[in-house]
Amino acid sequence: MSTVTATIRHRVLPPRLTGQEIVLAGVLVVLWAALAVSTPAFLTAGSIQPLLVATAPIALAGVGMTIVIITGGIDVSVGGAIMVCSVLTAKALVGAEVSLPVAVLLSVAVGGALGLVNGVLIAYGRVHAIIITFGTANLFMFLGLRIFGSGTVNGIPGTLAFFGRGAGGRTLGVPHAFLITVLITAAAWWYLRHTAGGRHFFAIGGDAQAARLAGVRVQRRVLLTYLITGLLVGLASCFVIAQGTSTLDQSVGSGKELAVIAAVVIGGTSIMGGRGSVLGTLLGALLVQSVASGVTQLGWRSQLSDLFVGVFIIVAVGADLLRTRARRSR
Amino acid sequence: MTAVAAQKEGTGARILRVLLTQRIALLAVLIVAVVVTFFIQDAGGYLTASYDFDYMSASLISAVPLAMLGLAELLVILSGRGGIDLSVGAIVSLAGMVFGFAYGEWGWPLWAAIILTAGFGALCGAVNGFLVSYIGFPALIATLATYYAFKSIAIVINNQEPISTAPIQKLFSISKSVELPLFGQYVPDIPLGIFTFLLPTVVAVWLLLARTAYGRRLYAIGTNDVAARWSGLPVRDTRFKAYVYAGLLAGLVAVVTVGQFASARPDAGVSGNGMALPAITIAVLGGVAITGGIGRVAGVVLATLLIVWLNAGILLAFIGNEGSQYQLLALGAVLVFAALLNGLTNRRYGGTS
Amino acid sequence: MTDEKPRLRLTGIAKRFGAVRAILQADVTVRAGRVHALVGENGAGKSTMIKIVSGAETADTGTIEFDGEPVRIGSTTDAIGLGIATVYQEPQLFGELTVAENIFLGREIKKAGRVDWAEQNRRVVELLERLGLPARYATATVGTLSVAEQQQVSIAKALAAEASVLILDEPSAILTDAEIEVLFGVVRRLTADGVAVVYISHRLDELFRIADEVTVMRDGRTIGTHDIHDLSVRRIAELMVGGILSDERPHRVVPDGPPVLELDGFGRTGRFHDVDVRVRAGEIVALYGLVGSGVSEIAACVYGIDRSTAGALRFEGEPVSPRSPRDAQRLGIALLPANRKVEGMFSFQSIAFNISAGHLERFSRFGVFLDRGRERSVALDLIRRLAVKTPSERQPISAMSGGNAQKVVLARQLVERPKVLVLAEPTQGVDVGAKEEIHRLITELAEEGTAVLVVTSDLPEALRIADRIQVVRGGTTTEEFGPDASQVDLLAAAAGGTA
C-alpha cells in the first residue's frame, strides 16, 4: 500500500502541461524559427522586446478572462474598461502629475470598481454574462469618452516608462511589463491548481448547481472572477499607456475584448466552462503577437495578421472538438 | 397557473404583469414615453433643433442597418445552442468591398451587383453555419474567428483603400428622403432605404418566421433540439440556414452602408464599436432569449425604433459629440435594464412571450 | 444473524403529494452490517422511501429511529450529518476534476493555504483500497472513467463522510455483469465493516447473491420483510404483484397476415443482440424488460436514432435501415419517446406547434408556407380524438399536466397515420385516468390496422394492452407470453427467473 501511495503522491493532479499548451509552445518555436530564417532581423532584441511589451496587456487581461471563462462566463466589456482606466490614469498623469505607484493604484482601483459592477450584476442579477457585459461595455465606453471630453490626451509624461518599450522599461533585457505578466500568470496558475478556491472555479464551470450543493459559494466566486478581471485590466491599462507615445486617443481599448478572448480560446480554455489554463492564454497571446510582428517584418499588410488569428481560433478549438469527440466515442 | 393568477390580481398588478411579460407592450410604452419626453423638451426650447415628425422620419435612415442586422441576430439566436453572430459587421465590410468592385469598378448593373453582394454575404454566413452546425463549434467561437478573418480580408483585398468611384457616389441617392405618393403631402418624407431595403426585409423575415415551415423548424430546434431530432426535423440543416440567412441580411446591409457613405469602406462594419454589438443589443432588447426559441420580428423592430428615436433626441439635447457619447449611455443602460427585467420576469412569471 | 442491532428503523411512514398517496404505511428496519433489499413494482413507493431517508422529502407521519434514538431528517444535510449516504443512478460528479478532488470538493484538506493534495490522495487511496478499487483512480480525471467506474467513485464519495448507512438506488441497472461483480465486492467489504446497506433493485436474481433480507413494497405499503433464505425469485414476484389477477380485458382477434415490422437477429454492439420480434398489422406486441435490459435501446434503433450493427430490420417484408428519425417517418414508422420532457416536448410552444412539428411538409403549401388553417383543424381533431383537456390549441404545452402533455406528444405521432407505431414507456409519469385513456387509444389504433410495438417496464401495462408479450433480459429477447400469462411468470422471466 505504501508503494502505491508513494507513486500517487508524484502525480496528484492532471499533468502540469496540457496537450494544447505543448502544441502551442511547439507552434511558437516553429514560427519563431521560420521567421528567424526568413527575416534575420526577427531574432534580435530590438524585435523581440517590443513583441513582449505588446503581448503583456492582452495576456494580463487574459488571465482574468481565463478565470471568467473557466466558470462558464464571459466579459466583453474589457475594451471599454481599458478605455476608462487608461484615460483616467493618463489625465491624472498630465493634470496632477501623480507618481508611478499612485497612477498604478488609481488605474487598478478604477478597473476593480468596473469589474465589481459586472460581477454584482452577473452574480446577483441572474442574467447571462454576455448580455450584461455587452451593456456595461457601452456604459464604460460612454464613461471613457466623457472623460476624454473632446479629442485626445496629450503630453503624457514618462512616469510609466518603467512599463514601456524604452531602456527604462527593461531589466537584463527583459521588459518589465512582460515580466510582471509572467509573474502574475504564474501566481494565477498556482492558485488555480493548488488552492481550494481555485479548484472551485473549475467546479462552478462544470456544474454550478452541483457545486452549490457541495458547499461552494457560487455567487461570491463568480463575482470574484469579474473583480479579478477588472483589477488586472487596470494594470494592463498602465501598460497600454506606457507603450504608446505621449498621446492617448479615443480608439484606446477598442476591440481589445475580442483580442483577449481570442488569446484565451487559442490557449485551450473551453468556452463552455470547466476547463482552461492561464499558461495557455499567455502562449496564445504570444502567438497572436508573434504573428502580427512577423507579418509586419515580412512586409505584408499588418491587417493580414487578423486572418491568421481567425485561422488559429478555428484550428485550436477544432482540434479540441475532435479530441473530445474521440474520447467520447472511445 | 397564469389564469389563476389573473383572477386574483388587481388592475395595477395586471398592467405590471403585461408590461413585464409582453415585451412588445413594454417597448411600445417606452417608445411613447421617449417621444413624449422629447416633444415636451422641444416645446420648452431645450433642444438645439426641432424634434418633430419630420426629424423623427429623417432619423429613420439609421434604423435601416440596425434593424436589418438585429433581424439577422434574431435568426441565429433563435436557433439555440448559444447561437450568436459576432461576424455580421465584418461581413458588412467584406461584402461592401465586393459590391464596390462589382458596381464601382467592373461596371455591373445595380441589380446584379446587389444580388452578388447578398449572395456573397450568404456565402460568408454559410462558413459560420458550417462550423457551428455541422462541425459543432460554439457559435461565439466560430463567429469570433470569422470576424477576424473577414475583417482582415476586407482590409487587405483593396490595400486598405475605399472604393468611391462615380457610380458609387451617385448611390448616395438611396439614402435620401422621398415623399409618399397619394397622401405624401400630409405626412413627412421618409428615407428611401426604408422602402427599398428595410420594409421588404422585415416582411420577408416575418413571413419566414411566422408563416413558413422553415420558421417553425427554427423555433422548434431553438426550443429543444433533442425533441426536434426525435420528431424527425432536419436539425443541422435548419441551424445552418439560420446563419446563411443572417449572412445574406448582412450582405444587403453592406449595399445600404455603401450607399450611405457613398463609398465602399473596408472597415465599414467594424470601425469603432462595430455593427455586431449594437445588433445583438437590439435583438436582446427586442425580447429575444439568448437561450433560443423565443423572439419575434415585431420586438426587434420596436426595439430599433426605440433606440433610433432615443438617439435622435439625445443628439438634439447635447452639443457636439457629447450627443454620440450619451447615445452609448442610453444603449448600455437600456440593455442592462432589459436584461435585469428578463431575469426578474423569469423568476416572477416564469418567462416572457 | 438477525440479532444485529437496528441501525435505522422507520415506523408508520406515510407521504402524499397533493392527491397522490405515494406511501400509505411503511415500516422498515435496517441493521448494521446487513444488506437490506427494497423491492417493488414501479410506483410501489420505493423511490419516495429513499427520498424520505435521504432527507430530500419529509414524511407526513411516522417516526425514524437512528441507533435507537428518535431523529428528524428534515434536509439532506440532516441525513448526511447522521451518516446516511445516498448514491443515485446518475453519478453527480465534475468531469474535469480528478476523483480525489471530486471526493473532497467543498471540504478540502488544507495546509498553509493550499490544498494538501498528498493527504487528500492518501485518504482517497485508503478509501479506494477499503472498497477494493484500484488506487490509480485517485488521480484520474472523472471524465475519462466509464459509467461503472464513476458509480464506484460516487460510492467512495458517499463514504468519505464516514457513512454508516449507504443507500444504493438501482446501482446495477447501468452495469454489465463483470461490473456488478465489482460492485458486490464493494458492498460486501462495507457490510463487513459494519455499514448498513439499503439496496434497491429490479433484478430479483441478483438479490440472492448480495441481500440478507428483503422488504417488499406494493401499492404504497410495505408488505413484510423476509430473510433471503426463505425466498425464491418466484416468491418475491408473487409478493410484489399480490394476489390480484390481471384486469378483465375484451378478447381481441388479431387479423392474420404477414408481419409489418420484423426484427431478425437485430443487434447493436454493447447494447443488445439477437432480438427477434414480429408485429403484424392490427397487432399490439409488448417488449417488456427492466431498466437496463436494453429494451429502450431497441426502440431507438428501430427509429433511426442509433444504427444497428447486426441482423435485419424488415418493414413490410423489405429490409430497411433508417439512418434518422426522418427516414423512419418516411417509411411509416412513428415513435413516442420515453423521456417526454427531453425528447418529446417543445415546452414553451403551443399545443398546435407541438402536434405539427415533424409533419411540416404536410401542413405547407408549395412546401414553403405553413397552412395554418389545416394545422389548426388537424390539431383540433386530434385534441378531440385524444380527449386532451385544454381550452384552446394555442395553450403552451408547459402549462399542462403530465397526462395531457403525453397525449399531445402522442397526437404528433398520429398525424400521418403511421403503419408502425412504437411507444416507449407510453404512460410513464401519467395519472391513472389518462393512463386508461392512452391504453384505450392504443387499442383503437390497433383496431384500425396499425402495428403497435409497446416498449415498457410497466408489467400491468404490458398485460393489459398487448396481444403478445416478449420479455427482454440481458439485452436480448427471451420468452414470449400470451395475454393470459400471469404477472408472476412474466416478472420472474424478466427479473432472472430460472429459480
Notebook entry, point to check: Which ³J(HN,Hα) values in Hz, rounded to whole numbers, follow from the phi angles of region A:210-223 under the Karplus curve 6.51 cos²θ - 1.76 cosθ + 1.60, where θ = phi - 60° and Gly and Pro get x?
Noted result: 5, 5, 4, 5, 7, x, 7, 7, 4, 4, 4, 5, 5, 4
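Summing +1 for each Lys or Arg and -1 for each Asp or Glu, what net charge is found among the other residues whose Cβ lies under 12 Å from the Cβ of B:GLY222?
Details: positive: B:ARG81, B:ARG216, B:ARG217, B:ARG239; negative: B:ASP225.
Surrounding charge for B:GLY222 is +3.
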Next item on the list: Obtain the nm distance between the two label points defined at C:ASP27 and A:ALA326 by a simple spin-label model: each point lies 7 Å from its Cα along the Cα-to-C-beta direction.
Entry: 6.2
Notebook entry, point to check: Can you give the relative contact order of region C:352-415 as a percent, counting alpha carbon pairs under 8 Å and 6+ residues apart?
Noted result: 43
Checklist line | Net charge of neighbours whose Cβ lies under 14 Å from the Cβ of C:ARG314, counting Lys and Arg as +1 and Asp and Glu as -1 | finding: -2
Next item on the list: Could you tell me the distance between the Cα centroids of region C:448-498 and region C:2-66, to the nearest Å?
Entry: 30
Check: Taking Cα centroids, how far is region C:94-135 from region B:64-134 in Å?
Finding: 52
Checklist line | Estimated FRET transfer efficiency when R0 is 25 angstrom, pair B:GLU179-B:SER50 (beta carbons, to 0.05) | finding: 0.85
Item checked: At R0 = 22 Å, FRET efficiency that the Cβ-Cβ distance of C:ASP205 and C:ALA173 yields, to 0.05 -> 0.95
Notebook entry, point to check: Dimensions of region C:352-415 along principal axes (Cα, Å, largest first)?
Noted result: 36, 20, 20
Next item on the list: Would you mind pulling out the separation of the Cα centroids of region A:275-330 and region A:80-140, in Å?
Entry: 28
Notebook entry, point to check: Antiparallel DSSP bridges in region C:6-241: what percent, to the nearest 5?
Noted result: 55
Next item on the list: Let me have the 222 nm mean residue ellipticity of chain A computed from DSSP H runs of 4+ only, each contributing -39500 (n - 2.57), with the sum over all residues rounded to the nearest 500.
Entry: -24500 deg cm²/dmol
Next item on the list: Subtracting the Cα-Cα distance from 0.36 nm times the residue separation, let me have the gained length for A:SER251 to A:ALA161 in nm, one decimal.
Entry: 30.3 nm
Notebook entry, point to check: Per residue of A:211-222, what is the mean number of Cβ atoms on other protein chains within 10 angstrom of that residue's Cβ?
Noted result: 2
Next item on the list: Evaluate the relative contact order of chain C (contact order divided by residue number), counting alpha-carbon pairs under 8 angstrom at least 6 apart; express in whole percent.
Entry: 15
Check: Taking Rh as the Kirkwood radius computed over C-alpha pairs, what is the Stokes-Einstein D of chain C at 4 °C in a medium of viscosity 1.567 mPa s, expressed in µm² per second?
Finding: 52
Check: Taking only the alpha-carbon atoms of region C:4-139, what semi-axes of the equivalent ellipsoid follow from 5 times the gyration tensor eigenvalues under a square root, in whole Å, largest first?
Finding: 34, 17, 16
Check: Residue by residue, what Karplus-based ³J(HN,Hα) values in Hz, rounded to whole numbers, does region C:309-324 have, using 6.51, -1.76 and 1.60 with θ = phi - 60° and x for Gly and Pro?
Finding: 10, 8, x, 10, 10, 10, 10, 6, x, 9, x, 9, 9, x, 8, 7
Check: Add -39500 (n - 2.57) for each DSSP H run of 4 or more in chain C, then divide by its residues: what number comes out at 222 nm, to the nearest 500 deg cm²/dmol?
Finding: -9500 deg cm²/dmol
Notebook entry, point to check: Hey, what did region C:6-241 get for relative contact order, percent, Cα under 8 Å, at least 6 apart?
Noted result: 29
Notebook entry, point to check: What's the exposure ranking of C:LYS46, C:LYS5, C:LYS419, going from fewest to most Cβ atoms within 10 Å?
Noted result: C:LYS5, C:LYS419, C:LYS46
Notebook entry, point to check: Can you pick out the pairs among C:LYS51/C:LYS435; C:LYS111/C:LYS157; A:LYS91/A:LYS256; C:LYS5/C:LYS111 whose Cα atoms lie more than 28 Å from each other?
Noted result: C:LYS5/C:LYS111
Check: Once phi is turned into ³J(HN,Hα) by the Karplus curve 6.51 cos²θ - 1.76 cosθ + 1.60 with θ = phi - 60°, what whole-Hz value does each residue of region B:140-154 show in order, with x for glycine and proline?
Finding: 4, 5, 4, 7, 5, 5, 6, 4, 4, 5, 5, 4, 5, 4, 4
Notebook entry, point to check: What residue among A:ALA210, A:ALA316, A:ALA161 shows peak mean-square fluctuation when chain A is described by a Gaussian network model with Cα springs under 10 Å?
Noted result: A:ALA210
Margin query: Multiplying the sequence separation of C:HIS229 and C:ALA310 by 0.36 nm and subtracting their Cα-Cα distance, what value in nm do you get?
Written below: 25.0 nm
Notebook entry, point to check: C:THR225's amide H: which non-local residues (gap 5+, or another chain) put their own amide H closer than 5 Å, with H modeled 1.01 Å from N in plane and none for Pro or chain starts?
Noted result: none
Checklist line | Estimated distance in nm for a label pair at B:ILE40 and B:ALA166, the labels positioned 7 Å out from Cα along Cα-to-Cβ | finding: 5.5
Notebook entry, point to check: Once amide H atoms are placed 1.01 Å from N in the peptide plane, what residues at a sequence separation of 5 or more from C:ASP306, or on another chain, have their amide H within under 5 Å of its amide H?
Noted result: C:CYS301
Margin query: If I model a spin label at C:VAL147 and B:VAL29 as a point 7 Å from the Cα along the Cα→Cβ vector, what separation in nanometres do I get?
Written below: 5.0
Notebook entry, point to check: Which FRET efficiency value, to the nearest 0.05, is calculated for C:SER392 and C:ARG252 with the Förster distance at 45 angstrom and r the Cβ-Cβ distance?
Noted result: 0.80
Next item on the list: Take the alpha carbon gyration tensor of region A:215-330, find the square roots of its eigenvalues, order them as a ≥ b ≥ c, and report rounded if a/c is under 1.5; if not, report prolate when a/b exceeds b/c, else oblate.
Entry: oblate
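None of the figures in this text is laboratory data; all of them are computed from the coordinates on show. These numbers come from a predicted model, not from an experiment. Cβ sites come from the backbone with ideal geometry, for glycine too, and all protein chains shown count toward neighbours.
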